[in-house]
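Every number here is computed from the coordinates shown, using simple stated rules; none is lab data. Remember, it's a predicted structure, so these values are computed and weren't measured experimentally. Every residue, glycine as well, gets a Cβ built from its backbone with ideal geometry; the counts of neighbours run over all protein chains shown.
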Amino acid sequence: MKRLEPNLLLAISAFFALLLVVATSIVFGPEHALLRNPLLAVICAGGYILLNPMLQKRMSQPARPPMISADSPGAAVWAGLFPVIMTGLAAIPVFRPGPDYGLIVIIAAVMFGVTAESALKARR
């Protein structure tokens, strides 16, 4: 079996953290969040993954390398903070139920989009 790609593992852990954020925002948020928050997560993460490369090309920015690479081993520690931050965001609705947590879902979806884009770049 081949060695698992660390960017893929980061994207998988960020995906499960995003699921946790969506679940807690649905359970502890308002009633209309049942349909809206999962749609927000899918649209924001998918939009980031699809539109960010086009925006970078249009703005003439150099291509970014994957988040975790052999050239910068310390980046793995910083990249590992993404799922930790997302899990912390998932705890907010638990301790303060009631308000709308759509912004937290959007932030977590974009963070997942960053990790998924990194995994796609590492795959190439």
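Quick look at the values:
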| quantity | calculated |
| --- | --- |
| Nearest 10 degrees, 0 to 90: helix 6-28 Cα axis against the chain principal axis | 10 degrees |
| For the chain, radius of gyration divided by Kirkwood radius, i.e. Rg to Rh on alpha-carbons | 1.02 |
| Computed [θ] at 222 nm, deg cm²/dmol, the chain (DSSP H ≥ 4; -39,500 (n - 2.57); rounded to nearest 500) | -25000 deg cm²/dmol |
| Order of T87, T115, T24 - criterion: other Cβ atoms within 10 Å of each residue's Cβ, fewest first | T87, T24, T115 |
